[in-house]
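Engineer: Attaching a single structure in structure tokens format; questions to follow.
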Amino acid sequence: MIDYVKYIYDENVRPKTDYPRKLINYLIARLGIPQGSKILDLGCGRGDFSQAFILSGMKVSAVDLSDWVTENYENIDFKKCDFTKENLPYETSSFDVIFSKSVIEHLYYPEKLFSEAKRILKPGGVIITMCPSWEHNYRTYFDDFTHRTPFMKVSLHDFNILLGFKNVETEFFKQLPFAWDSKIGYFVTELIRFLPVNFLKNKSKLVKFSKETMLLSIAKKNEE
């Protein structure tokens with residue numbers, strides 16, 4: 001079978017951009033993550049977000065079923081793992097932060113992987129989870145046939161609570177940097193979301209990412 005990551009993130013279709021660096025810098029600043037923190041990119045894909053963490057001064061490990069990241073970034077500490085079947089190949093309480101983007105929705109039993117994530121997270125550590133919002137993407141959600149488990153804002157929030165994470169914050173998130181710290185910017189994206197301009201999605205990132213809202217969840221593991 002063709003490698004999913006290589007196919008979906010082929011640079012001829014999805015060229016590399018500065019978005020991963022902008023997102024990671026935003027999250028680091030928002031959460032006050034100290035330089036030198038140990039980060040795991042859980043389901044690292046092509047490795048763009050792992051590299052962004054490294055460029056921001058973090059100690060980064062990455063894990064995925066696909067090893068394509070090794071062809072893109074030689075400096076990333078990578079381990080290959082089929083985490084639908086195997087435990088994560090890390091010691092208990094290894095990481096300060098676990099970052100997972102566009103992974104949880106591909107799993108039939110995401111609670112298995114995220115229980116493992118909790119195990120390898122240090123006490124007081126943070127887990128950041130991003131995935132498509134079913135409410136905003138239901139018409140196109142299964143354009144990707146590997147999507148298994150849709151999430152709503154409430155279900156992603158409760159998912160973290162039921163796994164025992166604390167201080168859970170879950171919100172709608174636009175993949176447009178001008179909307180992150182600006183209420184006016186976010187309002188503009190919401191206005192576009194309700195306009196009948198779907199025919200422009202393939203031509204305009206503004207339209208595409210105003211329509212395709214994500215979920216962002218931030219949670220902590222208890223101090224022990």
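Engineer: I'm a student and want to see the number: the projected area of the Cα convex hull of the chain, averaged over all directions, in nm². Spell out each step's value before the answer.
Structural biologist: Working: hull surface 48.5 nm².
Average projection, Cα convex hull of the chain: 12.1 nm².
Engineer: Roughly what % of DSSP beta bridges within region 4-220 run antiparallel, to the nearest 5?
Structural biologist: Working: 13 of 32 bridges.
Antiparallel: roughly 40 percent of the beta bridges in region 4-220.
Engineer: Given charges of +1 on the Cβ of Lys and Arg and -1 on the Cβ of Asp and Glu, with all other atoms neutral, how large is the dipole of region 132-224 about its Cα centre, in debye to the nearest 20? Intermediate results must be reported in sequence, preceding the final value.
Structural biologist: Details: 14 positive and 11 negative charges, 85 e Å.
With only Lys, Arg, Asp and Glu charged at Cβ, the dipole is about 400 debye.
Engineer: Kindly provide the trypsin sites (Lys or Arg not before Pro) of region 74-135 that DSSP labels as loop, not H, G, I, E or B, and whose Cβ sees at most 16 other Cβ atoms within 10 Å. List each step's numbers first, then the result.
Structural biologist: Values: sites: LYS79, LYS80, LYS85, LYS101, LYS112, LYS118, ARG119; in loops: LYS85.
In loop regions of region 74-135 (DSSP not H, G, I, E or B), the sparsely surrounded trypsin sites (Lys or Arg not before Pro) are LYS85.
Engineer: If you don't mind, another one. Taking the chain as a Gaussian network, where each spring joins two C-alpha atoms under 10 Å apart, which residue of VAL103, VAL207, VAL154 fluctuates the most?
Structural biologist: VAL154
Engineer: For the cross-link pairs LYS59/LYS203; LYS122/LYS208; LYS122/LYS183; LYS79/LYS118; LYS38/LYS80, which exceed 29 Å when the distance is taken from alpha carbon to alpha carbon?
Structural biologist: Values: LYS59/LYS203 37 Å; LYS122/LYS208 37 Å; LYS122/LYS183 34 Å; LYS79/LYS118 18 Å; LYS38/LYS80 18 Å.
Going by Cα-Cα distance, LYS59/LYS203; LYS122/LYS208; LYS122/LYS183 fall outside the 29 Å limit.
Engineer: What is the angle, in °, between the Cα long axis of helix 110-120 and the longest principal axis of the Cα atoms in the chain? Nearest 10 is fine, range 0 to 90.
Structural biologist: 50 degrees
Engineer: Calculate one ³J(HN,Hα) per residue across region 173-179 by plugging θ = phi - 60° into the Karplus curve 6.51 cos²θ - 1.76 cosθ + 1.60, and present them in order as whole Hz with x for glycine and proline.
Structural biologist: Going residue by residue, I get 9, 9, 8, 9, x, 5, 9 Hz, with x marking Gly and Pro.
Engineer: Step through the residues of region 52-61 one at a time and calculate ³J(HN,Hα) from phi using the Karplus curve (6.51 cos²θ - 1.76 cosθ + 1.60, θ = phi - 60°), rounding each to whole Hz and writing x for Gly and Pro.
Structural biologist: So the Karplus estimates, Gly and Pro as x, are 5, 5, 4, 5, 9, x, 9, 8, 10, 10 Hz.
Engineer: Take region 1-118, compute every pairwise Cα distance, and split them into 10 Å bins from 0; I just need the percent in each bin.
Structural biologist: Percent of Cα pairs in each bin: 13, 46, 35, 6, 0.
Engineer: Relative to the Cα centre, what is the charge dipole magnitude of the chain, using +1 at the beta carbon of each Lys and Arg, -1 at the beta carbon of each Asp and Glu, and rounding to the nearest 20 debye? Intermediate results must be reported in sequence, preceding the final value.
Structural biologist: Numbers: 31 positive and 29 negative charges, 126 e Å.
Here the chain has a charge dipole of around 600 debye.
Engineer: Now for a separate question. With charges only on Cβ, +1 for K and R and -1 for D and E, what is the dipole size of region 1-116 about its Cα centre, in debye, rounded to 20?
Structural biologist: Working: 14 positive and 18 negative charges, 78 e Å.
So the magnitude is around 380 debye.
Engineer: Then there's this: Considering only SER204, TYR109, SER50, whose Cα is most displaced toward the positive end of the charge dipole of the chain, charges sitting on Cβ of Lys, Arg (+1) and Asp, Glu (-1)?
Structural biologist: SER204
Engineer: Connecting C-alpha atoms closer than 10 Å in a GNM of the chain, tell me which of PHE114, PHE53, PHE209 has the biggest fluctuation.
Structural biologist: So, out of PHE114, PHE53, PHE209, the one fluctuating most is PHE209.
Engineer: Anyone know which of ILE184, ILE98, ILE76 comes out most mobile in the 10 Å Cα GNM of the chain?
Structural biologist: In the Gaussian network model the winner is ILE184.
Engineer: Something else now. Could you work out how far helix 183-193 tilts from the main Cα principal axis of the chain, as a 0 to 90 degree angle to the nearest 10?
Structural biologist: 60 degrees
Engineer: Taking neighbour counts of Cβ atoms within 10 Å as a proxy for exposure, in what order, fewest first, do SER115, SER66 appear?
Structural biologist: Details: SER115 14, SER66 19.
Sorted ascending by nearby Cβ count, the order is SER115, SER66.
Engineer: Would you mind checking which residues have amide H under 5 Å from GLN175's amide H? H placed 1.01 Å from N; only 5 or more apart, or other chain.
Structural biologist: MET214
Engineer: What does the helix-only formula give at 222 nm for the chain: each DSSP H stretch with n ≥ 4 adding -39500 (n - 2.57), the total divided by the residues, and the result rounded to the nearest 500 deg cm²/dmol?
Structural biologist: Working: 9 runs with 73 residues, N = 224.
Computed ellipticity for the chain at 222 nm equals -9000 deg cm²/dmol.
Engineer: For region 34-109, what relative contact order do you get, as a whole percent, if you take Cα pairs closer than 8 Å and at least 6 residues apart? Before the final figure, lay out the partial values.
Structural biologist: Numbers: 123 pairs, mean separation 26.8, N = 76.
Computed over region 34-109, the figure is 35 percent.
Engineer: I've got another one for you. Using only the alpha-carbon atoms, how far is helix 19-31 inclined from the longest principal axis of the chain? Give it as 0 to 90 degrees, nearest 10.
Structural biologist: Between helix and principal axis, roughly 60 degrees.
Values in this text are rule-based calculations from the coordinates and carry no lab data. Predicted model, so just to flag it, every value in this text is computed and none were measured. Positions of Cβ are generated from backbone atoms using ideal geometry, with glycine treated the same way; all protein chains shown enter the neighbour counts.
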